[in-house]
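Report on one structure; see the data block that follows.
The values are calculated or read from the model by the stated rules, or taken from the named source; none is laboratory data. None of the values given here were measured: they were computed from a predicted structure. Counting neighbours? That spans all protein chains shown, and the Cβs are built from the backbone with ideal geometry, glycine included.
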Amino acid sequence: MLDLDLEGTSRRGVIMDDETRELIAHLCTRVGMFMEDLSAEALTIGNADPESIRGALDDLERGAKQIMALLVAANALIS
């Protein structure tokens, strides 16, 4: 699990500047946007035909990887 400290210090005790805090907020906003976009596909997958299910699963997997990359980037800013 990622440990995001937005209170002002990193795990090394360095004070987080406003630009870093803003960048983390932008990255996390993007994560939320991906989650929102993918949620409809995830919730309706049961009504799809087998061919569409494969495509939807591929989309969800790709989206999950993009979300993880954004979270890793946000976490790297405070490491």
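Taking the conditions exactly as written (aliphatic (A, V, I, L, M) and modelled with pLDDT under 95), does residue 25 satisfy them or not? No: the conditions fail for residue 25. If only residues of segment 30-62 that are surrounded by fewer than 10 Cβ atoms within 10 Å (Cβ to Cβ) and among the hydrophobic types (A, V, I, L, M, F, W, C) are counted, the one that is farthest from residue 74 (Cα to Cα) is 43.
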